[in-house]
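In what follows, a single structure is set out as structure tokens and then discussed.
The values are calculated or read from the model by the stated rules, or taken from the named source; none is laboratory data. The shown structure was predicted, so the numbers you read here are calculated from the model rather than taken from an experiment. FYI the Cβ positions are ideal-geometry reconstructions off the backbone, even for glycines, and counts take in every protein chain you see.
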Amino acid sequence: MSRRFWVPHDLAHFAVERARGLPGGIFGCIAAGAVFSNMVVLSGRPRHDARARSMSVLRATRKSISPAESLVGAAHSAAETHRRLLLRDVREAWGVLRAEPCPYDAQTVRRVASMLEALAEEWSSSTEPLELPWPERLRAG
């Protein structure tokens with residue numbers, strides 16, 4: 001992950017998707033074999049059917065990736081400006097993307113904020129890449 005931001009956007013995705021238990025988010029898709037255009041294989045060999053597998057995973061999850069983006073965007077913005085993530089921020093971000101009521105509650109927002117704050121601290125205090133295990137139960141399926 002890039003060091004351009006205090007907290008990378010992808011780290012916010014990780015915190016949101018992990019805290020919410022979202023298998024159909026970006027990290028669940030990657031765990032299931034999706035490869036996004038900005039990704040590079042650093043070690044090992046890609047599967048023989050990597051491209052087809054990636055396309056299959058992304059097709060199956062195309063509707064589940066975007067709903068978390070409002071929470072990710074609000075969490076990332078709060079982290080970048082060193083503010084506490086608030087439910088009000090999440091609801092405002094949700095309303096920009098969707099007409100239906102925001103599905104996130106205060107407990108979810110607190111859980112995401114706590115996880116992202118811990119990850120941000122770990123990220124900012126390390127010069128080494130972070131290894132973030134993704135639970136098998138949260139693989140896109």
For A60, all conditions in the list (1) surrounded by 13 or more Cβ atoms within 10 Å (Cβ to Cβ); (2) in contact with a helix residue (DSSP H, G or I) (Cβ under 7 Å, 6 or more places away or on another chain); (3) among the small types (G, A, S) hold save one; what is the number of the exception? (2)
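Among A140, A68, A78, A120, which is the only one that is surrounded by 16 or more Cβ atoms within 10 Å (Cβ to Cβ), in contact (Cβ under 8 Å) with a residue 40 or more places away in the chain and farther than 16 Å from G25 by Cβ?
A120
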Answer from S2, S37 - the residue that is at pLDDT below 95, surrounded by fewer than 21 Cβ atoms within 10 Å (Cβ to Cβ) and touching a helix residue (DSSP H, G or I) at 6+ places or on another chain (Cβ under 9 Å): S2
Taking region 115-141 and keeping only residues that are at pLDDT below 90 and among the acidic types (D, E), one is left with E128
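Surrounded by fewer than 21 Cβ atoms within 10 Å (Cβ to Cβ), of a type in the set (A, V, I, L, M, F, W, C) and farther than 30 Å from L85 by Cα: does that describe M55? Please lay out each step first, then the result.
On the way: surrounded by fewer than 21 Cβ atoms within 10 Å (Cβ to Cβ): yes; of a type in the set (A, V, I, L, M, F, W, C): yes; farther than 30 Å from L85 by Cα: yes.
Spelling it out, M55 is indeed surrounded by fewer than 21 Cβ atoms within 10 Å (Cβ to Cβ), of a type in the set (A, V, I, L, M, F, W, C) and farther than 30 Å from L85 by Cα.
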Residues of region 72-114 satisfying the condition of being out of contact with any Leu (no Cβ under 7 Å at 6 or more places or on another chain), part of a helix (DSSP H, G or I) and either over 17 Å from V7 (Cβ atoms) or among the basic types (K, R) (or both): L87, R88, R91, E92, W94, G95, V96, L97, Q107, T108, R110, R111
In region 21-30, is there at least one residue being within 10 Å of the chain's Cα centre (by Cα) and either without any contact (Cβ under 8 Å) to a residue 40 or more places away in the chain or farther than 22 Å from E131 by Cα (or both)? yes
